[in-house]
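Down below is the structure, laid out as structure tokens.
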Amino acid sequence: MDFAFLATQMVSGFSLATLLFLNASGLTLIFGVGRIFNFAHGSFYMLGAYFGYQVSAVWGLPFWPAILVAGAAAGIVGSASEYLFLRRIYGRPHEGGFQILLTYCLILIFDDLVKMIWGSEYKSIAKPPGFLGAVQVGDVFIPTYNLAIIAVGLLVVLAAWWILSRTRAGRIARASAVDREILGCLGVNVPLTLTVVFGLATALGGMTGALAAPLRSVTPGAGIEIIIDSLIVVVLGGMGNFWGAWFGAILLGEVNAFAVAFVPEWSSLFSYIVMVLTLIFRPEGLFAPARIRKA
Amino acid sequence: MKSRKIALWIVLMLVVFLPSLGFAQEKVIRIGALYPMTGRSGLYGMDSVAAAEMAIDEINAKGGAAGYKLDIIFTDSKSKPAYAVRVAERYITEDKVHFLFGVVSSAVGLAVTEISRQNKVIFIGTDHAATELTLDNFQPYYFRVSNNTFQSMTAGALYLKELQKEKPWKTISYIGPDYAYGHSQLDEIQYNLKRFGVDFQLVSKYLPKLYEPDYTSFITSLIKDKPDVLVSGFWGGDTVAFIKQAKAYGLFEKMLYFHPDAGGNYEVMSALGAEMPAGLVLSARHHNNWPDTELNRRYVAEFKRRTGRYPTYAAEGAYAGIYAIARAVEKVGTPDNTEALVKALEGLQIKLPEDPDGFTSYIDPQTHQIVQVQAIGVSVPDDNFPPAKMMLGKWKVYKAEDLLPPKELIEKRLKK
């Protein structure tokens, strides 16, 4: 087991972690701000992949703008879903159960819509020109497209940090997580805030789907396949904790990468072990700030 | 006035009763089919439905089988065994079907074959590959009309044996999904290589979960293992994701990618388009460009005309299943005598699109497994079946009889 291999495996883990984080970031954002558990988050990831396919492979728009268009389109569908459906169940007793059922229905509906529009064949988006090969650092080999994804991930982390902690919109979003009623009394349009945040979160999901499409297969049902891993990341990081999701994703990515290298036959087990241990010993998440932990 | 009223009544009676009388008299073979229509495997379900309907239209247009018209009901299996079992039971008790039909997932197949055994209703398996169904879990009312993994892994082992003479190789790694399908392929390739006296060493095996979206860590680990040959048992979209991700790492230049059960599936070629690397050694249970026979060309063209797309391998299994039912009913003369139909299906010969000239598929009377030729090819540029840009070529063809398990193994596993 030489050093170059360990380094390669670490980079593999990091690349996996970035997509995991991008998937999970929207999920945790909407949970943090609106206390909404969007089980259908994966469906927006899938919609983003299909929108990306439509815009870049069918209409011929260049790759990077196509990713943004796909994200925006998924965000619009997301806002519409919140406005038309989710908004009607806010504040009900046992709201959580209704949320899960309603968003689960959305998964089934989006899956069938996608099948009706694009058919059930696997779709694919080509990697953008200039990102087909790999760079070599010593003996470590990293595909340039994976590097690009890691860069986009870091960019999203920075942008989200700036928006959430340095802008008025970000402060409102954080405040609505703490107390919606008081925020409303202060003259903030809380329902609109939730719709916008939901749109942003699903846009993140959609962008991730389009970004992952050159590496994965675009099929109906793709949403339900990624939701479990995203959930693990969100739990590790602490439900609703944006930064926690980033660390949680890195932890999970690296655990996976080294489990594959050392105990390949049992590799899929380890992410679940990490999640179970977290749920038992640190249910508020591994990366929850100290004051939440005490409370 | 009165006579007009009576006439009106008669007409009314005729309108109400004649059609039902007509239905009652029409002779129908009822088939209850189960296919996944949603999620990832929905593609195979939709293709199977289209091909089964195509075969039924062809047969009914020629007057049906022994004067009986074929009639099929489709239900989404949801790829869930427990749900599929309930549908199969409803097919038997309420719809009074003569045949259970279909199923893509081996897990669903294993559940439905149990219902078929208990109710003594024939189950025609069209596309699930787990070898157990025709060996360990054999039951007299089950018949399978597509190859199982044992057959494709035997063809694979023969290919690797020949390859060793041309281009010496020694080590293999394996990667495949972590469920019955992935595990049996790993066992069967090793079993057959040993049986043919091939000198090899398995250096590593990886069993990621089915539908794993990200193979990056597996890929870098495989490259470290440096096997000469990577045997792959992936299925469907997993193959697409793996190839896309491995390509940038140069994996395909570092080892021979060998995927004899489902790697050559048309949907893999069509999804990857120009991204499909050349020189991969692959096969599938049906190929759109092999054999180059009148029957295969007509089958592929007709499917394309009806659906607007080229068929995946699953479609031909459904097509074969309908023809098997029609031929068996023709032999027996009625769909109601199950025991006679079982006898008729045992040893039944059916000429199928995937049969090369001079060979006709037949059902092995002992295991109820269809016996077919398998061709393994290499990915080469070919844009005759768009959107695919690469198809298989440079075929090596393996005789059907050579792919069957040895007698001792059949007897040992049937007894279990």
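The values are calculated or read from the model by the stated rules, or taken from the named source; none is laboratory data. Everything numeric in this text was worked out from a predicted model, so none of it was measured. All Cβ positions, glycine included, derive from the backbone under ideal geometry; neighbour counts span all protein chains shown. Ligands, DNA and RNA are stripped out before the accessible areas are found, and what is left, the full protein with its side chains, is counted by its heavy atoms. Shrake-Rupley method; radii C 1.70, N 1.55, O 1.52, S 1.80 Å.
At a glance:
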{"quantity": "Boolean, residue B:217 is without any contact (Cβ under 8 Å) to a residue 24 or more places away in the chain, at the interface with chain A (Cβ under 10 Å from one of its Cβ atoms), touching a helix residue (DSSP H, G or I) at 6+ places or on another chain (Cβ under 9 Å) and not aliphatic (A, V, I, L, M)", "calculated": "yes"}
{"quantity": "Condition check for residue A:42: assigned to a helix (DSSP H, G or I) and touching a strand residue (DSSP E or B) at 6+ places or on another chain (Cβ under 9 Å)", "calculated": "no"}
{"quantity": "Hits in the range A:120-137 (condition: more than 8 Å from chain B (Cβ to nearest Cβ) and either touching a Gly at 6+ places or on another chain (Cβ under 6 Å) or open to solvent by 60 Å² or more (accessible area, probe 1.4 Å) (or both))", "calculated": "A:125, A:129, A:130, A:136, A:137"}
{"quantity": "Of the criteria (1) modelled with pLDDT of 95 or more; (2) open to solvent by 10 Å² or more (accessible area, probe 1.4 Å), which one residue B:39 fails", "calculated": "(1)"}
{"quantity": "Residues located in the range A:200-252, provided they are not hydroxyl-bearing (Ser, Thr, Tyr) and not in a helix (DSSP H, G or I)", "calculated": "A:213, A:214, A:215, A:216, A:218, A:220, A:221, A:238, A:239, A:240, A:241"}
{"quantity": "Total residues in the range B:289-314, condition among the β-branched types (Val, Ile, Thr) and farther than 21 Å from residue B:394 by Cβ", "calculated": "2"}
{"quantity": "Residue selected from the range B:29-75 under the condition in contact with a Ser or Thr (Cβ under 6 Å, 6 or more places away or on another chain) and assigned to a strand (DSSP E or B), by the criterion farthest from the other protein chains (Cβ to nearest Cβ)", "calculated": "B:34"}
{"quantity": "Filtered residue count, the range B:170-188, keeping only those that are of a type in the set (Phe, Trp, Tyr) and open to solvent by 20 Å² or more (accessible area, probe 1.4 Å)", "calculated": "1"}
{"quantity": "Residues located in the range B:119-147, provided they are closer than 23 Å to residue B:337 by Cα, over 9 Å from the mean Cα position of the chain (by Cα) and touching a residue at least 40 places away in the same chain (Cβ under 8 Å)", "calculated": "B:120, B:121, B:122, B:124, B:134, B:138, B:140, B:141, B:142, B:143"}
{"quantity": "Filter result for the condition that a residue is in contact (Cβ under 8 Å) with a residue 24 or more places away in the chain, in a helix (DSSP H, G or I) and either of a type outside the set (Asp, Glu) or closer than 20 Å to residue B:251 by Cα (or both), over B:297, B:306", "calculated": "B:306"}
{"quantity": "Residue in the range A:193-226 that is surrounded by the fewest Cβ atoms within 10 Å (Cβ to Cβ), counting only those that are within 11 Å of another protein chain (Cβ to nearest Cβ) and of a type in the set (A, V, I, L, M)", "calculated": "A:224"}
{"quantity": "Restricting the range B:240-270 to residues that are over 23 Å from the mean Cα position of the chain (by Cα) and of a type in the set (A, V, I, L, M), the residue that is farthest from the other protein chains (Cβ to nearest Cβ)", "calculated": "B:256"}
{"quantity": "Every residue from the range B:189-216 that is open to solvent by 10 Å² or more (accessible area, probe 1.4 Å) and not in a loop (DSSP other than H, G, I, E, B)", "calculated": "B:190, B:191, B:194, B:195, B:201, B:202, B:203, B:204, B:205"}
{"quantity": "Options B:237, B:279, B:317, B:273; residue that is within 14 Å of another protein chain (Cβ to nearest Cβ) and either modelled with pLDDT of 95 or more or closer than 20 Å to residue B:42 by Cβ (or both)", "calculated": "B:237"}
{"quantity": "Strands (runs of 3 or more DSSP E) contained entirely in the range B:76-163, each with at least 1 residues that are out of contact with any strand residue (DSSP E or B) (no Cβ under 9 Å at 6 or more places or on another chain), among the β-branched types (Val, Ile, Thr) and closer than 19 Å to residue B:328 by Cβ", "calculated": "none"}
{"quantity": "Hits in the range B:104-121 - residues which are among the β-branched types (Val, Ile, Thr) and surrounded by 24 or more Cβ atoms within 10 Å (Cβ to Cβ)", "calculated": "B:104, B:108, B:112, B:113"}
{"quantity": "Evaluation of residue B:292 against (1) at the interface with chain A (Cβ under 9 Å from one of its Cβ atoms); (2) acidic (Asp, Glu); (3) out of contact with any Ser or Thr (no Cβ under 9 Å at 6 or more places or on another chain) (one fails), failing number", "calculated": "(1)"}
{"quantity": "Matching option when the condition is in a loop (DSSP other than H, G, I, E, B) and within 30 Å of residue B:51 (Cβ to Cβ), among B:277, B:227", "calculated": "B:277"}
{"quantity": "Positions within the range B:221-233 being open to solvent by less than 10 Å² (accessible area, probe 1.4 Å) and closer than 21 Å to residue A:9 by Cβ, in sequence order", "calculated": "B:221, B:222, B:227, B:230, B:232"}
{"quantity": "Criterion: among the hydrophobic types (A, V, I, L, M, F, W, C) and in the same structural domain as residue B:139 (by TED's automatic domain parsing) - qualifying residue of B:359, B:385", "calculated": "B:359"}
{"quantity": "The range B:385-398, residues that are surrounded by fewer than 12 Cβ atoms within 10 Å (Cβ to Cβ) and in a loop (DSSP other than H, G, I, E, B)", "calculated": "B:386"}
{"quantity": "Contacts under 6 angstrom Cβ, first residue in the range B:187-207 being over 18 Å from residue B:230 (Cβ atoms), partner at pLDDT 95 or above, 6 or more apart", "calculated": "B:196/B:157; B:196/B:161"}
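Conditions (1) within 20 Å of residue B:52 (Cα to Cα); (2) open to solvent by 30 Å² or more (accessible area, probe 1.4 Å); (3) among the hydrophobic types (A, V, I, L, M, F, W, C); (4) in a loop (DSSP other than H, G, I, E, B), marked per residue:
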{"site": "B:320", "(1), (2), (3), (4)": "yes, no, yes, no"}
{"site": "B:344", "(1), (2), (3), (4)": "no, no, yes, no"}
{"site": "B:370", "(1), (2), (3), (4)": "yes, no, yes, no"}
{"site": "B:383", "(1), (2), (3), (4)": "no, yes, no, yes"}
{"site": "B:401", "(1), (2), (3), (4)": "no, yes, no, no"}
{"site": "B:413", "(1), (2), (3), (4)": "no, yes, no, no"}
